[in-house]
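Presented below is the structure to which this report refers.
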Amino acid sequence: MSKTKSKSLWDAKIVSHALLDCVRKLDPRMMMRNPVMFVVEVGSVITSVLLVRDAMRHVPGFGFDLQITLWLWFTVLFANFAEAMAEGRGKAQADTLRKAKSDTLANRLLPDGRTEVVPGSKLRSGDLVIVSAGEVIPGDGDIIEGIASVDESAITGESAPVIREAGGDRSAVTGGTRVLSDQIKVKISSNPGETFLDRMIALVEGAERQKTPNEIALNILLAGLTVVFLLAVVTLQPFAIYSKASQTIFVLVSLLVCLIPTTIGALLSAIGIAGMDRLVQHNVLAMSGRAVEAAGDVNTLLLDKTGTITLGNRQAAEFVAAPGVSNDQLADAAQLSSLPDETPEGRSIVILAKEQYGLRGRELGSPQAQFVPFSAHTRMSGVNFDGRVIRKGAVDAIQRYLSENSSYLPKEVQATVETIARAGGTPLVVAENGRALGVIHLKDIVKGGIKERFAQLRAMGIRTVMITGDNPLTAAAIAREAGVDDFLAQATPKDKMDLIKKEQAEGKLVAMTGDGTNDAPALAQSDVGVAMNTGTQAAKEAGNMVDLDSNPTKLLEIVEIGKQLLMTRGSLTTFSIANDVAKYFAIIPAMFAGTFPVLNALNIMHLATPQSAVLSAVIFNALVIIALIPLALRGVKYRPMNAEALLRRNLLLYGVGGVIVPFIGIKIIDVIIRVVGLA
Amino acid sequence: MTFNGWFQILLYFAVILLLTKPMGVFMAKVFNRERTWLDGVMRPLERLLYRLTKIDEEREMSWKEYAVSMLLFSAVSMLVLYLLQRAQQWLPLNPQKFSGVAPDLAFNTAASFTTNTNWQFYSGEQVMSYLTQMAGLAYHNFASAAVGMALAVAFIRGIARKEAKAIGNFWVDTTRAILWILVPLSIVSSIVLISQGVIQNNKPYTTVKLVEPQQVPRAGQDGKPVVGPDGKPVMDTVTEQTIANGPIASQEAIKELGTNGGGFLNANSAHPFENPTPFSNFFEMVLIFLIPAGFTYTLGRMTNSQAHGWAVFAAMAILFFAGVTTAYWAEARGNPLLTATDQRASTMQPGGNMEGKEVRFGIANSALFATITTDASCGAVNGFHDSYTPLGGMVPLANIMLGEIVFGGVGAGMYGMLIFVVLSVFIAGLMVGRTPEYLGKKIEAYDVKMAMLYVLIFPLAILVLSGISSLTSSGLAALGNSGPHGLTEILYAFTSGTGNNGSAFGGLGPNRWYNLSMGFTMLVGRFLMIIPMLAIAGNLAQKKSVPPSPGTFPVTTPLFTGLVVGVIIIMGALTFFPALSLGPILEHLLAGAGKTF
Amino acid sequence: MKRNLITAILYTVVTTVLLGVVYPFLMTGLAQLFKDKANGQLMTKNGRVIGSRILAQPFTGAAYFHPRPSAGNYGADNSTPSNLGPTNQKLIDRVETDVASLHAENPGKPVPIDLVTTSGSGLDPHITPAAAEFQTPRIAKARGISEAELRHLVAEHTEGRQFGILGEPRVNVLELNLALDEKYPVLR
């Protein structure tokens, strides 16, 4: 949520574009995609034709018919305007992106080692290019040689440069970003027109927008309702003729347009576009609307412990000395072993030693001092200094080291190790000259507020599972502290995959974040896979969303946006249908009170005249579209609560409200019409 | 409205409430093929039946095969009923020597009874031989009810099963419905009804000598009184009354139990031979709701969500009370145009609008019966809806328009209600921000499409055919009343036909247009609606089931009940309000203003 | 499809025999437990069947209680309601005509509604106690007995609600008229 690129809703430039677009969208071929509004357009055309005919014949009541016709057209235009507004907001974003895409030149590496200059747009997947400081990276790819700081602000909006290097999980670079220092060799991974930037532009513009499953289902419902109302209105004429009270086409079309769910019909695609747009504002790119919808449906969130639940790094919290060893002794050794250790853990040990035991940092200037870095083989680090051989590492590594030196780990130390692990900490054993001195307690720091967040998710029916490489004891303790529902300890990529499959077999939808190449299969398997932008190209390809901020916590916001999208649709559908009650009470008495004055009993709003009643209903029906555009674009307010409470709230607001509001609205419009003298 | 009147209504509801669980449990056992105490008698009979008809009881069917089997059975048995009517003059058990039924009427009646509608464009005691009544009409009362129950069970299985291809065996479900439920209950019910005075014999009609011979004006060929040379009407002396007979009780039982409603006699359950006492009336009303109410419990049991079953029951109960309250209020108020009469309730009389009603039932029981018979798709009547007050008559009409889902027809009410539940859940699901789920099954585009098709066919048939009838001379010629009431008669006919109810605003008489169009719309209202319903069942069955979580909208709470009621009323009202406003609503307002037609 | 078609045909035949023939004949057999009721509760007088206890038959003479009007002229082989709608002028006219003739015999008293409305079956064997009370003066006069005596007889033939709860209080017209003839014969 930190930095949203939100714009004012009524940005002048967007509005003026939308005004043009809404006329362009009158093209029946485009209107046909929206059956509800297409019916309105057909109705408008019919009344227009009749209006011209009536004008030539000087039929009385022309003023009323003209107003009805105009407002019917306004109804169509307002719907188009809503869609154009939503698209306009996306386009504005796309324009910014397009600037980054201005064609770049690439130094393509030839097989013989020489380079040739080619336009970036000519690069194909598999090509190797050299990019030096100051140059723009010509296409998406992975660094296969070198390290560089890269300015990715064109895509992420974040001005601070990021480090990209060959190998590991930070090797992906994106076309359009700029190398600030050093030189890298990049293996291009996308073909022209398929780059990340291309996809992103297409996405925010809504060009590739396909209807999502729920949107299709809702569209069917709305089309069905439209047919029902079409039937009700078309067959009303025979009944009216039977009753000797036949109606004009203008009134019948008015009734039809008022009854069919124009409100939601007009705003439906805007809601969908706006949902994508909201994600983009959160710096998340969804590869499909389907993914956004699925996010709202997620049952299980797989969250990586590090970075999501805990702060990225563990910190030393305590020194626990072995029997016969003083804490100072331990702290001293620990500090010495960590002085050259530039890892955050290492630094935190130095700081703890300084703060708790007043041990100042010392220069290990002496040439005898020999730093032993962590290696995957020994899984220890340490220092050889002044004849002291200090090692620190995980308990099993130190145990092996001790037994090599025909020593052993005292029982007490063993016990300490277990206590720390059970409490969710990471024990780091320190040994000097083959003797265990004690344990450093490295602690995971759970992010503030995360527990409340999980409680909200639980209320919404979403289960959280923490994924960690820690041992089960440690994992359990952190899981408890963070309030997650479950955890997967010592997780391998396969474990993760199995868990996803198991959840899915139970019919659940699973969301996860990931960055590494080994996350790719799980990202692909999950229903919502959010790849970190800093991650590898493979991860980004496998997931269906990319978080440009590379913030794993973002998953929670993505879920909320997904839910908000569905809720907005549901609420406006309810509102739209509920509105019909008042419209009936406005139009039916107006239609027949002329022939049967007793039917004025149904005119409970006491609308002035039949003409003003029909007109008021039509005007209300049109204006409510405009009035709800902001709601459609922003989405209905989301509050984390259980479904029952949420439904009660939304039913009250949009269902009951939807019944009441038009009674008031139509009455007010009727009064205005009477005052102005329109009918 | 009187205290006693309300007491009877509440007593009735209490009895239904008490019977719901035992009936529901029994039906669940029967359809799950679990052991019941009737197995000793019925199991051998069942096996014999399967052997004779080449049914493999272990083989389950996809929804498509289920639908095809159902259609084949309905087609064959409908054809048999048609032929039986056409040939009855050559067949036995025809003591009154009735001739064969005319082709268009025979088609109408065959369609009517095959579809569980029991719309009757004939007067039973004047047209149908005992054989036609027993082996044709009463037979279909069993068959169409059993088919309805089978379909509802298939639908429930669709919800309950996970990743399954099959939804049961149509023949087995139908057979078990007949042998375990319909036959035993019919036998017991027949005896109860006979004990109250419903007749049961195969005798020719009885002629009796009147206590007081009557002078009646002679009617000429044109139906008008013949005038003698002295200018006075010619009088005939009538000394006899002919009394109809027949195997009525055996048909009466299944007529109510199977929510069929087709009377043996023209006056249906208003006739003292079909419904002789207040208790027989009460008993018949209980039979109408017995199976449909039980199905709510069966639903809960088969889907392992008893609370959901009760939530559905509650929704039905709310709509039931809304209907009966309106009808009772309207009928008890009486007819404002009959100013010179005493319509007030007192200890001496129930008062109210007594045209078309029987004294032994009074207003409360007549309003209650009209509500029940149209809540369910029964269509039996103990008072004639055409003569009800405009609003009192609108209640049965509106009940059918809502889809007969207030307990509803046997089976048909259940699956009709569940379609509305699916739609409610869809809208509710969106409002809570999830892809809608119903008892763990995701409701997706296909389900919505089929549900909308189901919802759409109904008004399509009703409104289009009513529209045509209200403009054409053959449509208007058959009307028994004019003005808004005439429009209501048309609307009621097609609503009753499409809804497979069978009750009528009986002033509308038969002619070729109505025989054919009604026959057509009854078939549409049954079979065209069943197919999308079964498609949903088949589609739901093959889905995975998502375990419920706090994020899924619970279908067991009062909020759910309220939502379903709201969706049903809004859908029904929005579809039919314009038509109703020119029919009963207009008539009500005009009657208040003293206008007659 | 073919297999199910064969089953459909066989099934129709077999179940028709079971449900359309065996079942109703079984019930007709069992009905003999209630021989009188199963045959329409026919009443005899002097060895002749004179009617069914539960079906109305016409009475128009001043000395008899009149049943409710019948849309089907008390044809017990052709039961029918009027099917007249509440706003139908024919209904209003008919009721007004009947009310007028009833007022002629018992002026000033409001006419109980059931006495001027046709029943659903056209064969309603009952009238309300109010309708019986309304006719009492006429019959008492025609039979030359006191109204009190007559009221006593009516009360004897008034059925309360079944089990004290169900239905409405009512008077069986045929039974009452037969009792009337028995107890207070008209002198011819």
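The values are calculated or read from the model by the stated rules, or taken from the named source; none is laboratory data. Everything quoted here is computed from the prediction, not taken from an experiment. With ideal geometry, Cβ positions are generated from the backbone for all residues, glycine too; neighbour counts draw on all protein chains shown. Accessible surface is based on the protein model in full, side chains and every heavy atom, while ligands, DNA and RNA are left aside. Shrake-Rupley method; radii C 1.70, N 1.55, O 1.52, S 1.80 Å.
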* At a probe size of 1.4 Å, how large is the accessible area of C:LEU18, to the nearest 10 Å²? -> 50 Å²
* Asked: If r is the Cβ-Cβ distance from C:ARG3 to B:LEU471 and R0 is 45 Å, what FRET efficiency results, to the nearest 0.05?
  -> 0.45
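How large is the Kirkwood hydrodynamic radius of chain B, in angstrom, based on all distinct alpha carbon pairs? Numbers along the way, then the final one.
Working: mean 1/r = 0.0407 Å⁻¹.
Answer for chain B: a Kirkwood hydrodynamic radius of 24.6 Å.
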* Structure fact -> Amide H neighbours of A:VAL389 at under 5 Å, excluding residues fewer than 5 places away on the same chain, with H built from the backbone geometry, are A:ASN433
* To do: Give the distance, in whole Å, between the Cα centre of region B:364-433 and the Cα centre of region A:114-147.
  => 71 Å
* Asked: Quick one: what does P(r) look like for the protein assembly as shown with 10 Å bins over all Cα pairs, in whole %?
  -> 1, 8, 13, 16, 15, 13, 10, 8, 6, 4, 3, 2, 1, 0, 0, 0
* Structure fact -> Placing +1 on each Lys and Arg Cβ and -1 on each Asp and Glu Cβ in the protein assembly as shown, then taking the dipole about the Cα centre, the residue among A:LEU428, B:PHE155, B:ILE254 whose Cα reaches farthest towards the positive end is B:ILE254
* Structure fact -> Surpassing 19 Å at the alpha-carbon level, of the pairs A:LYS354/A:LYS447; B:LYS21/B:LYS162; A:LYS447/A:LYS502; A:LYS244/B:LYS595, are A:LYS354/A:LYS447; B:LYS21/B:LYS162; A:LYS447/A:LYS502
* Which percent of Cα-Cα pairs in region B:237-356 sits in each 5 Å bin, short to long? -> 2, 9, 12, 13, 15, 15, 14, 10, 5, 3, 1, 1, 0, 0
* Asked: Rg(Cα) of region B:95-244 divided by 2.2 N^0.38 Å?
  -> 1.60
* Asked: What do you reckon, how do A:LYS554, A:LYS447, B:LYS21 stack up by accessible area (1.4 Å probe), largest on top?
  -> B:LYS21, A:LYS447, A:LYS554
* Can you give the mean number of other chain Cβ atoms that lie within 10 Å of the Cβ atoms in peptide B:329-340? -> 4
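Within region C:41-183, how many lysine pairs that are 8 or more places apart, or on different chains, have C-alpha atoms less than 30 Å apart? Please list the in-between numbers first.
On the way: C:LYS45/C:LYS141; C:LYS45/C:LYS183; C:LYS90/C:LYS109; C:LYS109/C:LYS141; C:LYS109/C:LYS183; C:LYS141/C:LYS183.
Counting lysine pairs in region C:41-183 gives 6.
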* Asked: Considering every residue in B:502-510, what mean count of other chain Cβ atoms within 10 Å of its Cβ is obtained?
  -> 2
* Cβ charges +1 (Lys, Arg) and -1 (Asp, Glu), total dipole of the protein assembly as shown, debye -> 1000 debye
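What dipole magnitude, in Debye to the nearest 20, does region A:526-679 give about its Cα centre under +1 on Lys/Arg Cβ and -1 on Asp/Glu Cβ? Before the final figure, lay out the partial values.
On the way: 12 positive and 9 negative charges, 86 e Å.
Value, rounded to 20: 420 debye.
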* To do: Whenever you get a sec, compute what percent of the accessible area on the protein assembly as shown sits on carbon and sulfur atoms (1.4 Å probe).
  => 61 percent
* With θ set to phi - 60°, apply the Karplus curve 6.51 cos²θ - 1.76 cosθ + 1.60 along region B:412-418 and write out the HN-Hα couplings as whole Hz, x wherever there is a Gly or Pro. => 4, x, 5, 6, x, 5, 5
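How do the peptides B:201-210, B:498-507, A:234-243 rank, highest first, by the average count of neighbouring beta carbon atoms within 10 Å per residue?
Peptide ranking by packing, descending: B:498-507, A:234-243, B:201-210.
Relative to the present Cα-Cα distance, how much length would full extension add between A:LYS447 and A:ARG124 at 0.36 nm per residue of separation?
Taking 0.36 nm per residue and subtracting the Cα distance, the gain is 112.0 nm.
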* Mean-position separation - Cα centroids, region A:567-635 and region B:441-478, in angstrom -> 24 Å
* Asked: Once phi is turned into ³J(HN,Hα) by the Karplus curve 6.51 cos²θ - 1.76 cosθ + 1.60 with θ = phi - 60°, what whole-Hz value does each residue of region B:364-379 show in order, with x for glycine and proline?
  -> 4, 5, 6, 5, 5, 4, 4, 5, 5, 5, 9, 4, 7, 8, 7, x
* Which shape class, rounded, prolate or oblate, goes with region C:1-86 when its Cα gyration tensor gives a ≥ b ≥ c as root eigenvalues, a/c under 1.5 marks rounded, and past that a/b bigger than b/c marks prolate? -> oblate
* Asked: Treating the beta-carbon of each Lys and Arg as +1 and of each Asp and Glu as -1, no other charges, what is the dipole magnitude of region A:262-414 about its Cα centre, to the nearest 20 debye?
  -> 120 debye
* lysines with Cα under 19 Å of A:LYS496, excluding same-chain neighbours fewer than 8 positions away -> A:LYS305, A:LYS508, A:LYS540
* Simple label model, 7 Å out from Cα along Cβ direction - B:LYS165 to B:GLU34, nm -> 2.8 nm
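Semi-axes, largest first, in whole Å: what does sqrt of 5 times each Cα gyration tensor eigenvalue give for region A:524-619? Could the numbers behind the result be given before it?
Values: eigenvalues 634, 22, 20 Å².
Computed over region A:524-619, the values are 56, 10, 10 Å.
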* What spacing in nm lies between the two simple spin-label points modelled at A:LYS637 and B:PHE3, each 7 Å away from Cα in the Cβ direction? -> 5.1 nm
* Structure fact -> Here FRET efficiency (C-beta to C-beta, B:ARG59 to A:ILE216, R₀ 22 Å, nearest 0.05) is 0.05
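Obtain the radius of gyration and the Kirkwood radius of chain A from its C-alpha atoms and give Rg over Rh.
On the way: Rg = 33.3 Å, Rh = 29.5 Å.
Across chain A, the Cα-based Rg/Rh ratio is 1.13.
Of all the Cα-Cα pairs you can form in region B:484-560, what percent are over 19 Å apart?
Of the Cα pairs, 58 percent sit more than 19 Å apart.
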* Say the dipole of chain B comes from +1 at the beta carbon of Lys and Arg and -1 at that of Asp and Glu; which of B:PHE279, B:ALA364, B:TYR139 then lies farthest toward its positive end? -> B:TYR139
* Structure fact -> Whole-Hz Karplus couplings 3J(HN,Hα) for region B:204-217, θ = phi - 60° and coefficients 6.51, -1.76, 1.60, Gly and Pro as x, run x, 5, 8, 9, 10, 8, 5, 5, 10, x, 10, 9, 10, x
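If C:LEU30, A:LEU20, C:LEU174 are ordered by their accessible area, calculated over protein heavy atoms with a 1.4 Å probe, which sequence runs from highest to lowest?
Putting C:LEU30, A:LEU20, C:LEU174 in descending order of accessible area: A:LEU20, C:LEU30, C:LEU174.
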* To do: Over all directions, average the projected area of the Cα convex hull of region B:455-523 and note it in nm².
  => 4.0 nm²
* Cross-link partners among lysines for C:LYS2, C-alpha distance below 28 Å, same-chain residues fewer than 8 apart left out? -> B:LYS54, B:LYS64, B:LYS165
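Applying 1/(1 + (r/R0)^6) with R0 = 60 Å to the Cβ-Cβ distance of B:VAL234 and A:ALA601, what FRET efficiency is obtained, to the nearest 0.05? List each step's numbers first, then the result.
Working: r = 50 Å, r/R0 = 0.83.
The pair B:VAL234/A:ALA601 has a calculated efficiency of 0.75.
Is the shape of region C:58-97 best called rounded, prolate or oblate, per the rule: a/c under 1.5 gives rounded, else a/b larger than b/c gives prolate, else oblate, with a ≥ b ≥ c the square roots of the Cα gyration tensor eigenvalues?
Values: a/c = 3.76, a/b = 1.35, b/c = 2.79.
Taking the square roots of the gyration eigenvalues as a ≥ b ≥ c, region C:58-97 is oblate.
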* Asked: Residue farthest toward the positive end of the dipole of the protein assembly as shown, with Cβ of Lys/Arg at +1 and Asp/Glu at -1: which of B:LEU423, A:LEU303, B:ASN515?
  -> B:ASN515
* To do: Let me know the shape class of region C:1-155, please: from the alpha-carbon gyration tensor, a ≥ b ≥ c as square roots of the eigenvalues, rounded when a/c is under 1.5, otherwise prolate if a/b is greater than b/c, or oblate.
  => oblate
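Hydropathy at least 1.0 by Kyte-Doolittle, axial extent at least 30 angstrom from the Cα trace: which helices of chain A, defined as entire DSSP H runs, fit?
Numbers: long enough: A:35-57 (33 Å, 1.29); A:62-100 (56 Å, 0.25); A:213-234 (31 Å, 1.98); A:554-592 (57 Å, 0.72); A:610-634 (37 Å, 1.80).
Qualifying helices: A:35-57, A:213-234, A:610-634.
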* **B:MET235 long-range amide H proximity, modeled H, under 5 Å** => B:ARG218
* Structure fact -> Sorted by chain and then number, the residues having a modelled amide H within less than 5 Å of the amide H of B:LEU210, at least 5 places away or on another chain, are B:GLU240, B:GLN241
